[in-house]
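The values are calculated or read from the model by the stated rules, or taken from the named source; none is laboratory data. Just so it is clear, the model here is predicted, and its values are computed rather than measured. Note that we place each Cβ from the backbone using ideal geometry, even for glycine, and neighbour counts take in every protein chain shown. Surface areas here come from the heavy atoms of the whole protein model, side chains and all, with no ligands, DNA or RNA. Shrake-Rupley method; radii C 1.70, N 1.55, O 1.52, S 1.80 Å.
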2 protein chains.
Amino acid sequence: MSILPTFQNIAQAAERIKPFVHRTPVLRSSWFDRQTGGEVFFKCENFQKVGAFKFRGACNAILKLPKEDGDKGIITHSSGNHAQAVALASKLCGYKATIVMPENAPKVKVAAVRGYGAEIVFCKSTIDAREETAQKIIDKTGATFIHPYNHPDVIAGQGTAVVELFDEVPDLDIILAPVGGGGLISGTAIAARHISTGIKVFGAEPEWADDAFRSFHSGKIEPVLRTDTAADGLRTSLGTLTFEAIQKFVDDIITVPESSIIRDMRHVWERMKIIIEPSCSVPVSVIMDRNIDLSGKKAGIILTGGNVDFDHLPW
Amino acid sequence: MSILPTFQNIAQAAERIKPFVHRTPVLRSSWFDRQTGGEVFFKCENFQKVGAFKFRGACNAILKLPKEDGDKGIITHSSGNHAQAVALASKLCGYKATIVMPENAPKVKVAAVRGYGAEIVFCKSTIDAREETAQKIIDKTGATFIHPYNHPDVIAGQGTAVVELFDEVPDLDIILAPVGGGGLISGTAIAARHISTGIKVFGAEPEWADDAFRSFHSGKIEPVLRTDTAADGLRTSLGTLTFEAIQKFVDDIITVPESSIIRDMRHVWERMKIIIEPSCSVPVSVIMDRNIDLSGKKAGIILTGGNVDFDHLPW
C-alpha cells in the first residue's frame, strides 16, 4: 500500500535529482505585479528538461529503483509530457523505456519520445487498451511501471520545484499550481506546508475539467466529465494518493473559464516573452481574474510546461 | 558633424542607463550547442524593457540631453520597437514624446506606444511624409529628434548589451548580431573590438534585405531593394555613421534565406521556450546553416527582440 511522501522524502528527492535537472529560473514581471497588486514569482518549469516539471517526478522515481529492477526496463502509458520525462530519465539511467501511446498521438510527441531513445508501443486510444497493453509487457519483461501522478516517488519529485522556489523567495504568502492528476499540487502542498506554516496553497483548474474542485467539496474522487479544455494536461481525474494530499494540505481549488486561460497564456507570451502551454496558464488566470486577493502579498506560481503545437494555437 | 562613439562612450552609456534597463540574462541551449558544434551564448534582449534592445539606445540618447532641451519634447518617426523605446525612455525622464507613425501602423503597436504615454501623430506611409511631419513639429516646438540608428548616443547605447555579455563570458571567440539600420552591429563591433582584440564580429542579414552585405562589398551605401522579408526590423538601409562603423570594425556580413529565418525562429521557440521575433533569428540561422564554423568555439548572439504578432505567425 502506497503512502504519501513526507517533506523528508521531498528533500531527499531534491538531492537525488539535482545532478540531472535544471535549476529553473524564478522570473518577475512588473506588468503582472501591477495587474494583481501583489508580487508574483514565476518558477519556470517550462525551461525544465523535456519542457515540463514532469521530468522531476520521473527522474526521482527511476533513480530510486534498485538497478536489478531498472535493468528489466521501465514502462508507462502517456501521450503527454510524462512520456518524454520517463523516456529521458530512463536513458540517463541506462535503462530501456517502453512508452505505450495511443495510435492517434500527435506525431511531434511520438518523435520527441523516440528522440530520447524509448521504444513506443501503439494501442487503441482508450484507457483500458493502454493499461492492458502495458500490463502485457510488464508480465513478459518484469518492467517497472511509473504512474504519472499516483506514485509517492513521483509526487516527491514534483515537490522539489517549490523547494527551489522557497530557496530564492523564503517569505511567500501564497502558492499556486495547476491540478491535473494531482501529482504537482500534492508534492507542492506537502513541501510548502512544511517550509512555511502560514502559507496558503491553492490548486487551479479549468471550469471544464473541475473534477478536483468537485472532489475537494464532495469528499470523494469525482471523475472528469469532459475532455475539451484547451488545458490538455489537466484532463485527468485524481488518484487515491493525490486526493488524500489535496484533502490534507491544500486550502482550496479554484476554477477558471476557458476564455481566461487562453487570454492569460497570451499575456504571458506577450509580456514575459516566454512560451507556456495552456495548462500552465490556469493558475495565472486565478490571479488575473482576482479570484484571490494578492494586495501586498507575495505569490509563487509554478509555470508547469512549455510544450505547444505552434501550428494549432488556441486563439 | 556626428562622429562614431568610442568604447569610452559606450562604457559611460552603460553606467548612465544602468538604473533604467534590465540586465538581461545570458541563456544556453544544449540542443543549439549540439547542432553547431560550438558553445552558444544567447544575450536575451527580448527580455529588455519594451521587448527589444532598442530601449538601450533611446534611453542613453534621451538621458544625455540637457534638461532644457528635453523639456521642449522628444520626437521620432517609427512604427517599430524604436517608437516604444523612445516613448518609454521619455516618460521615465519626464519629457513629452511625439511619435510620428504611418496611418497603416498595426493597432497593437499604436496601442503600445500610447500605453507609454506618448502622443502619436499619424502621416502617410512614405519616408518623405514621415520626415516632413516630424520636421514641422520640430520647427514649431523645438523638440529633439532621436534617430533610430544614425546617432552616436543611440549607437553607444546599443553597444552596452555586448559589454554585459562579455562580463559574463569574457573569452568569446565570435559575436553575431543582425543588421537593419546598423545601430546594434555598430555599437557591438566598437565595444567587442576594444574588449577583445581577437574577436570576430559578424553582421547577419536576410537575403531579401542584403543592403549591408552589398554596401560592405561595394564600399558605398546601397539601398534596400525589397521590403518583403519576414524579418521586418531589418528592412532598413544603413546610415552614414553605421556604414562607417561596419567598414571599420565588422569582419563580414553574412546573409541567410527566408526559409532558414523562419525555421530557426521556431527552433528557438521550441527548444528554448522563449519568444523571439523574426528579425532576431537571422544570426541564429547563420550558425544553424553553418555559414561560419563554430567547432570548439564560443559564440555570442544578441537576441534582439520578442515583439511578435501572435495572430500572424510566419509559418
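Filtered by the rule that a residue be free of Cβ contacts under 8 Å to residues at least 40 places away in the same chain and either assigned to a helix (DSSP H, G or I) or open to solvent by 10 Å² or more (accessible area, probe 1.4 Å) (or both), segment A:97-108 gives A:E103, A:N104, A:A105, A:K107.
If the condition is being within 14 Å of another protein chain (Cβ to nearest Cβ) and in contact with a strand residue (DSSP E or B) (Cβ under 8 Å, 6 or more places away or on another chain), then segment A:296-315 contributes A:L303, A:T304, A:G305, A:G306, A:N307.
Within segment B:51-68, the set of residues being within 14 Å of chain A (Cβ to nearest Cβ) and not in a loop (DSSP other than H, G, I, E, B) comprises B:G51, B:A52, B:F55. Considering segment A:199-221, the residues that are in contact with a Ser or Thr (Cβ under 8 Å, 6 or more places away or on another chain) and touching a residue at least 40 places away in the same chain (Cβ under 8 Å) include one that is farthest from A:A299 (Cα to Cα), namely A:W208. If the condition is being in contact (Cβ under 8 Å) with a residue 24 or more places away in the chain, among the hydrophobic types (A, V, I, L, M, F, W, C) and farther than 23 Å from B:V284 by Cβ, then segment B:222-243 contributes B:L241, B:F243.
Within segment B:234-252, the set of residues being surrounded by fewer than 17 Cβ atoms within 10 Å (Cβ to Cβ), under 14 Å from B:V179 (Cβ atoms) and among the polar types (S, T, N, Q) comprises B:Q247 only. Every test in (1) open to solvent by 30 Å² or more (accessible area, probe 1.4 Å); (2) in contact with a Lys or Arg (Cβ under 8 Å, 6 or more places away or on another chain); (3) of a type in the set (F, W, Y) is passed by A:F122 save one, and that test is (2). Does B:R266 meet the test of being open to solvent by 20 Å² or more (accessible area, probe 1.4 Å), of a type in the set (K, R) and farther than 26 Å from B:S78 by Cα? Spelling it out, B:R266 is indeed open to solvent by 20 Å² or more (accessible area, probe 1.4 Å), of a type in the set (K, R) and farther than 26 Å from B:S78 by Cα.
Using the structure shown, decide if A:I246 is touching a Gly at 6+ places or on another chain (Cβ under 8 Å), within 14 Å of chain B (Cβ to nearest Cβ) and either closer than 24 Å to A:H82 by Cα or free of Cβ contacts under 8 Å to residues at least 12 places away in the same chain (or both).
No.
With respect to being of a type in the set (A, V, I, L, M, F, W, C), more than 19 Å from the chain's Cα centre (by Cα) and more than 14 Å from chain A (Cβ to nearest Cβ), B:L241 falls outside the description. Has segment A:10-22 got any residue that is of a type in the set (D, E) and not in a helix (DSSP H, G or I)? Within segment A:10-22, none of the residues are of a type in the set (D, E) and not in a helix (DSSP H, G or I). If we keep just the residues of segment B:33-50 that are in a helix (DSSP H, G or I) and open to solvent by less than 10 Å² (accessible area, probe 1.4 Å), which is nearest to the other protein chains (Cβ to nearest Cβ)? Among those residues, the one meeting the criterion is B:N46.
Evaluating A:G157 against the criteria (1) in contact with a Cys (Cβ under 9 Å, 6 or more places away or on another chain); (2) under 23 Å from A:I127 (Cβ atoms) leaves one unmet condition, (2). A:V26 satisfies every condition listed in (1) at pLDDT 95 or above; (2) buried (at least 18 other Cβ atoms within 10 Å of the Cβ) except (2). Pairing residues of segment B:120-139 that are of a type in the set (K, R) with residues that are part of a loop (DSSP other than H, G, I, E, B) and open to solvent by less than 70 Å² (accessible area, probe 1.4 Å), at Cβ distances under 9 Å and at least 6 apart in sequence or on separate chains, gives B:R130/B:S78. Looking at segment B:69-76, is at least one residue touching a strand residue (DSSP E or B) at 6+ places or on another chain (Cβ under 9 Å), open to solvent by 10 Å² or more (accessible area, probe 1.4 Å) and either farther than 28 Å from B:A105 by Cα or within 13 Å of chain A (Cβ to nearest Cβ) (or both)? So far as segment B:69-76 goes, yes, one or more of its residues are touching a strand residue (DSSP E or B) at 6+ places or on another chain (Cβ under 9 Å), open to solvent by 10 Å² or more (accessible area, probe 1.4 Å) and either farther than 28 Å from B:A105 by Cα or within 13 Å of chain A (Cβ to nearest Cβ) (or both). Taking every residue in segment B:1-23 that is open to solvent by less than 60 Å² (accessible area, probe 1.4 Å) and pairing it with any residue that is of a type outside the set (K, R) and not in a helix (DSSP H, G or I), at least 6 positions away or on another chain, the pairs with Cβ-Cβ distances below 6 Å are B:I10/B:G159.
Within segment B:82-90, does at least one residue satisfy the condition of being within 14 Å of chain A (Cβ to nearest Cβ), assigned to a helix (DSSP H, G or I) and either under 26 Å from A:K273 (Cβ atoms) or touching a Leu at 6+ places or on another chain (Cβ under 6 Å) (or both)?
Checked segment B:82-90: at least one residue is within 14 Å of chain A (Cβ to nearest Cβ), assigned to a helix (DSSP H, G or I) and either under 26 Å from A:K273 (Cβ atoms) or touching a Leu at 6+ places or on another chain (Cβ under 6 Å) (or both).
Residues that are out of contact with any strand residue (DSSP E or B) (no Cβ under 9 Å at 6 or more places or on another chain) and among the aliphatic types (A, V, I, L, M) within segment A:20-41 comprise just one, A:V21. Filtering segment A:249-295 to residues that are within 14 Å of chain B (Cβ to nearest Cβ) and of a type in the set (D, E, K, R) leaves A:R263, A:D264, A:R266, A:E270, A:R271, A:K273, A:E277. I'd like to check something: does segment A:226-233 contain any residue that is crowded, with 24+ Cβ neighbours inside 10 Å and within 12 Å of chain B (Cβ to nearest Cβ)? Looking through segment A:226-233, none of the residues is crowded, with 24+ Cβ neighbours inside 10 Å and within 12 Å of chain B (Cβ to nearest Cβ). Scanning segment B:276-315 for residues that are in a helix (DSSP H, G or I) and β-branched (V, I, T) gives B:V282, B:V284, B:V286, B:I287.
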